[in-house]
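Heads up, the thing below is written out as C-alpha cells.
Read the figures in this text as sums done on the coordinates, not as results from a lab. The model shown is predicted, which means the values in this text are computed figures rather than measured ones. Here the Cβ is made from the backbone with ideal geometry for all residues, glycine too, and neighbour counts use every protein chain on show.
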Amino acid sequence: MFQGTVPRRSAQRSEGLQHRRNAGILAVTGFLLAGPVFGVLVIWQAGKASSLSVRSTGWMVLGVVDIIAGILVASTIL
C-alpha cells in the first residue's frame, strides 16, 4: 500500500458501523421516550454490530438501562 493512502473499509465493517450507529440513535430515543421497546431494539442492533466485529458494548449497556428504567417508570405510574 502506498504511503498516504487510506485503506478502504470492508463491507462487513461498514455494515457493523451502521448497526452501531442505529443502536446509538435507538438508545438515546429509548432513554427519552419509550424505554423497554427501544431497549430491546438497541440490544438487537448492538448484537448485530458485535457479530460483525464492531465494538458496541456501551450501546448494549444503555439498552439494558433503557429497559430497566422503562419498567421502573411504568411500575411507578401504575
*Å³ per residue enclosed by the Cα convex hull of the range 11-77*: 51
*What angle do you read, to the nearest 10 degrees and between 0 and 90, between the alpha-carbon axis of helix 35-51 and the longest principal axis of the chain?*
20
*Take V37, project a point 7 Å from its Cα along the Cβ direction, then tell me which residues of the range 46-69 have their backbone nitrogen under 19 Å from it.*
46, 63-69
*Rank the residues T29, T76 as a footprinting-exposure proxy: fewest other Cβ atoms within 10 Å of their Cβ go first.*
T76, T29
_Calculated [θ] (222 nm, deg cm²/dmol) that DSSP helices of n ≥ 4 give over the chain, each run adding -39,500 (n - 2.57)_ = -26500 deg cm²/dmol
